[in-house]
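Data block below; observations after.
The values are calculated or read from the model by the stated rules, or taken from the named source; none is laboratory data. The structure presented is a predicted model; accordingly, all values stated were derived computationally and were not measured. Ideal geometry is used to build each Cβ from the backbone, glycine not excepted, and the neighbour counts take in all protein chains shown. Surface areas here come from the heavy atoms of the whole protein model, side chains and all, with no ligands, DNA or RNA. Shrake-Rupley method; radii C 1.70, N 1.55, O 1.52, S 1.80 Å.
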Amino acid sequence: MIRTFGFPELLFILDGAKWTVLMSLAAFLFGGLLGLLVALARTSKIRPARFLALCYIQLFQGTPLLIQLFIVYFGLPIIGIRVELWLALITGLSLHASGFLAEIWRGSIQAVPEGQTEAARALGLGYISRMRDVVLPQAFRISLPATVGFMVNLVKGTALAALLGLTELTRAGQLMSNITFEPLKVYATVGLVYFAICLPLTLVSSRLERRLNARG
Amino acid sequence: MNYTFDFTPIFQAWGLLAQGAWATVYISAISMALGLVFGIVLTALRMAPLAPLRAFAIGYIELVRNTPFLVQVFFIYFGMPELGLRLNAMEAAILTMTLNCSAYIAEIVRSGVESIRPGQIEAGKALGLSTPDVYRFIVFRPAIRAVYPSLCSQFVLMMLNTSLVASISAQELTYAAQMIDNRTFRSFEVYFVLGAIYLVLSQLFSVGLSMIGRVYFSYPTK
């Protein structure tokens with residue numbers, strides 16, 4: 001029986017959005033923690049650490065997210081970790097996010113004037129306190145527009161989970177398109193749901209950017 | 001860990017991968033060129049004196065930038081036939097890529113155009129340049145030069161994005177890899193090699209694009 005695209009189908013799609021939001025948040029959280037470490041390594045005084053962090057970032061920025069997800073999904077069982085699909089996807093998305101966030105935060109850390117670090121050192125602050133109390137808070141403010149902008153990319157990136165078979169927003173759309181034969185309506189709806197999630201982030205990002213520029 | 005890696009079936013199928021890589025480069029190059037043209041048109045609309053034109057450009061740009069590329073691909077490939085536009089996978093891939101690219105390019109080019117000071121345009125006019133010449137030499141070229149680095153990184157991201165059109169069975173690099181995967185069941189090895197090929201491609205793209213930039217923008221700044 002062919003169903004028409006009505007309220008139950010819409011609810012099914014909205015239910016899929018749950019996964020989209022959950023994966024985005026988890027990937028941002030874990031990716032952010034890892035990304036901060038990579039960003040610190042990238043800006044550290046230790047040469048090998050800088051080099052490794054550079055390779056790490058290049059690796060994630062130079063390959064498609066889809067392939068990263070495939071490699072994590074097929075690679076985890078090989079190193080003896082058997083996990084559910086959703087966990088593999090969150091792992092993959094988190095690694096991806098860490099690479100991009102590290103690069104954004106590297107730029108922000110380097111944008112904090114050198115004098116700040118020098119002054120902190122002159123006051124006798126050690127590395128941890130210098131970073132935690134002086135450099136990172138300022139870098140945080142500089143990085144906000146780009147960080148929020150990346151969150152939009154991350155939300156859009158979760159759509160790839162559909163290609164591995166997790167029923168998130170896009171996959172829910174695929175399923176509904178297959179039973180209603182109304183792909184135009186279905187994908188337009190799916191697109192609008194993404195739009196509703198992403199637009200507020202985009203607006204916040206550009207507002208933050210304007211405010212940052214205004215302060216000079 | 002009791003898994004033995006076996007890369008031989010993948011390297012035996014190098015012909016497929018080479019063909020796929022060529023298709024990826026081909027799709028990317030065409031969509032970048034078309035995307036640049038449409039992107040510049042969109043920028044012009046975005047900064048047009050007529051409000052409806054500006055609203056259209058803003059709406060289009062935000063709609064494209066705030067929805068996933070994959071959904072756009074499905075919308076064009078599966079949805080458009082309902083409106084009578086029937087495309088094969090390759091055409092749909094190139095069309096979606098172009099539409100997608102143009103929105104991102106428009107945003108980048110706009111920030112370049114905004115960096116051109118009005119005095120420059122006035123000076124060009126005072127020197128007797130025609131309006132098209134003012135736009136060509138004084139607005140667009142310096143504007144694009146100013147944003148060329150971000151344009152390049154956007155191009156590389158777009159090339160990586162082409163991996164998604166494998167989902168509508170457009171025959172590019174990822175599609176070739178999936179065929180090898182289906183034949184050999186060596187999933188990890190296949191995608192590992194695939195990742196390496198994309199890494200090389202993205203490095204080649206950024207080197208190539210910056211060389212083009214150096215030649216095209218090799219006139220003095222000051």
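The table that follows gives values for the structure above.
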quantity: Exclusive hit being surrounded by 19 or more Cβ atoms within 10 Å (Cβ to Cβ), within 22 Å of B:GLN72 (Cα to Cα) and aliphatic (A, V, I, L, M), set B:ILE144, B:ILE180, B:ILE197, B:ILE168; calculated: B:ILE168
quantity: Subset tally (residues that are more than 23 Å from B:GLN154 (Cα to Cα) and either touching a Leu at 6+ places or on another chain (Cβ under 6 Å) or of a type outside the set (Val, Ile, Thr) (or both)) for segment B:5-53; calculated: 19
quantity: Any pair with Cβ under 6 angstrom, 6 or more apart, that starts in segment B:142-162 at a residue that is within 20 Å of B:LEU173 (Cα to Cα) and ends at one that is open to solvent by 30 Å² or more (accessible area, probe 1.4 Å) and polar (S, T, N, Q); calculated: B:VAL156/B:SER206
quantity: Meets criteria (in a loop (DSSP other than H, G, I, E, B), at pLDDT 90 or above and more than 14 Å from chain A (Cβ to nearest Cβ)) for B:GLY119; calculated: no
quantity: Subset of segment B:134-187 [part of a helix (DSSP H, G or I) and hydroxyl-bearing (Ser, Thr, Tyr)]; calculated: B:TYR135, B:TYR148, B:SER150, B:SER153, B:THR162, B:SER163, B:SER167, B:THR174, B:TYR175, B:THR184, B:SER187
quantity: Test: residue in segment A:85-105 that is in contact with a Gly (Cβ under 9 Å, 6 or more places away or on another chain), surrounded by fewer than 16 Cβ atoms within 10 Å (Cβ to Cβ) and touching a residue at least 40 places away in the same chain (Cβ under 8 Å); calculated: yes
quantity: Scan of segment A:38-78 for residues that are among the β-branched types (Val, Ile, Thr) and touching a residue at least 24 places away in the same chain (Cβ under 8 Å), ordered by number; calculated: A:VAL38, A:THR43, A:ILE57
quantity: Check on A:THR4, hydroxyl-bearing (Ser, Thr, Tyr) and either crowded, with 20+ Cβ neighbours inside 10 Å or touching a strand residue (DSSP E or B) at 6+ places or on another chain (Cβ under 8 Å) (or both); calculated: no
quantity: Condition broken by A:ARG210, with the remaining ones in (1) free of Cβ contacts under 8 Å to residues at least 40 places away in the same chain; (2) open to solvent by 20 Å² or more (accessible area, probe 1.4 Å); (3) within 10 Å of chain B (Cβ to nearest Cβ) satisfied; calculated: (3)
quantity: Residue within segment A:162-174 that is under 20 Å from A:GLY31 (Cα atoms), within 11 Å of another protein chain (Cβ to nearest Cβ) and either basic (Lys, Arg) or open to solvent by 50 Å² or more (accessible area, probe 1.4 Å) (or both) present; calculated: no
quantity: Scope segment B:189-222; condition hydroxyl-bearing (Ser, Thr, Tyr), more than 10 Å from chain A (Cβ to nearest Cβ) and more than 16 Å from the chain's Cα centre (by Cα); matching residues; calculated: B:TYR216, B:SER218, B:TYR219, B:THR221
quantity: Residue count, segment B:26-44 (criterion: open to solvent by less than 40 Å² (accessible area, probe 1.4 Å) and among the hydrophobic types (A, V, I, L, M, F, W, C)); calculated: 3
quantity: Residue within segment A:46-54 that is aromatic (Phe, Trp, Tyr), open to solvent by 50 Å² or more (accessible area, probe 1.4 Å), more than 13 Å from A:TRP105 (Cα to Cα) and within 8 Å of chain B (Cβ to nearest Cβ) present; calculated: no
quantity: Yes/no for A:ILE179 being modelled with pLDDT under 95 and either surrounded by fewer than 21 Cβ atoms within 10 Å (Cβ to Cβ) or within 18 Å of A:ALA27 (Cβ to Cβ) (or both); calculated: yes
quantity: Of all residues making up segment B:60-104, the number that are open to solvent by 40 Å² or more (accessible area, probe 1.4 Å), within 12 Å of another protein chain (Cβ to nearest Cβ), of a type outside the set (Asp, Glu) and on the phi < 0 side of the Ramachandran plot; calculated: 7
quantity: Matching residues in segment B:172-218 - criterion: being free of Cβ contacts under 8 Å to residues at least 12 places away in the same chain and acidic (Asp, Glu); calculated: B:ASP181
